[in-house]
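Report on one structure; see the data block that follows.
The values are calculated or read from the model by the stated rules, or taken from the named source; none is laboratory data. Predicted, not measured: the structure shown is a model, and the values here were computed from it. Neighbour counts run over all protein chains shown; Cβ positions are idealised from the backbone, glycine included.
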């Protein structure tokens, strides 16, 4: 009786092992097939043979590369995913330097990026107005203001960013009159001191209202 039970247990273990092996073998075959498909798709991607690609993500990447190579907006329309299509359109807008393409982009993130890059690349602050993200819009105005030394664009910024923007322009242009536009009196005097040093003009120290900063300004030149 015990021998019969032992025999049954052994048979059961063998059957279980066989089934487990089949599962592992089947899974390995599937994984290998998937890897082969991806490798083939990547090969098609390298050669921009987009129509032969099965994987949707790789297909989207292929179409984007093809569109950029041809600089053809119509190629982007072959992409079904709206976010991927919008990225494709944004890339073509940058390559062709065409802000009109930005208005065709449906995804808000990529439309903002499109307006931002074309605005900054061309120093066209008007395009900043189309950006929906408040933070990115402010960065757009700030970058162009500093690139062009246009203090009027600093007025589009919040208080702290505005002060920094005006100070940098005053230092870059050595224009002490720009310092006068600063709201904070300490910032104004610090700006005048910096312009005085950069322009090597001690007479500008006389414009400083703060006694401490005025002393530092004159001390700087007296010790030269």
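When residue 135 is evaluated against the numbered criteria (1) under 30 Å from residue 109 (Cα atoms); (2) buried (at least 16 other Cβ atoms within 10 Å of the Cβ), which criterion, by number, is the only one it fails?
If we test residue 135 against (1) under 30 Å from residue 109 (Cα atoms); (2) buried (at least 16 other Cβ atoms within 10 Å of the Cβ), just (2) comes out false.
Is one or more of the residues making up the stretch 139-146 modelled with pLDDT of 95 or more, assigned to a helix (DSSP H, G or I) and under 23 Å from residue 86 (Cα atoms)?
yes
Taking residue 165 as the residue in question, decide whether it is buried (at least 17 other Cβ atoms within 10 Å of the Cβ) and either free of Cβ contacts under 8 Å to residues at least 24 places away in the same chain or on the phi > 0 side of the Ramachandran plot (or both). Quick ask: steps written out before the conclusion?
Values: buried (at least 17 other Cβ atoms within 10 Å of the Cβ): yes; either free of Cβ contacts under 8 Å to residues at least 24 places away in the same chain or on the phi > 0 side of the Ramachandran plot (or both): yes.
So residue 165 passes the test.
Would a scan of the stretch 124-132 turn up a residue that is closer than 22 Å to residue 172 by Cβ, surrounded by fewer than 18 Cβ atoms within 10 Å (Cβ to Cβ) and modelled with pLDDT of 95 or more?
Yes, there is a match, as at least one residue in the stretch 124-132 is closer than 22 Å to residue 172 by Cβ, surrounded by fewer than 18 Cβ atoms within 10 Å (Cβ to Cβ) and modelled with pLDDT of 95 or more.
Given the conditions (1) closer than 30 Å to residue 212 by Cβ; (2) in contact with a helix residue (DSSP H, G or I) (Cβ under 6 Å, 6 or more places away or on another chain), and given that residue 156 satisfies all but one, which numbered condition is not satisfied?
Here residue 156 clears every test but (1).
For the subset of the stretch 78-116 comprising residues that are surrounded by 14 or more Cβ atoms within 10 Å (Cβ to Cβ) and more than 22 Å from residue 128 (Cα to Cα), which member is nearest to the chain's Cα centre (by Cα)?
84
Any chance you could count how many residues in the stretch 173-207 are closer than 20 Å to residue 138 by Cβ, loosely packed, with under 15 Cβ neighbours inside 10 Å and free of Cβ contacts under 8 Å to residues at least 24 places away in the same chain?
Quick first cut of the stretch 173-207, residues closer than 20 Å to residue 138 by Cβ only: 178, 181-184, 187.
Adding the requirement that they be loosely packed, with under 15 Cβ neighbours inside 10 Å leaves 183-184.
After this cut, where a residue has to be free of Cβ contacts under 8 Å to residues at least 24 places away in the same chain as well, the list is 184.
So the answer is 1.
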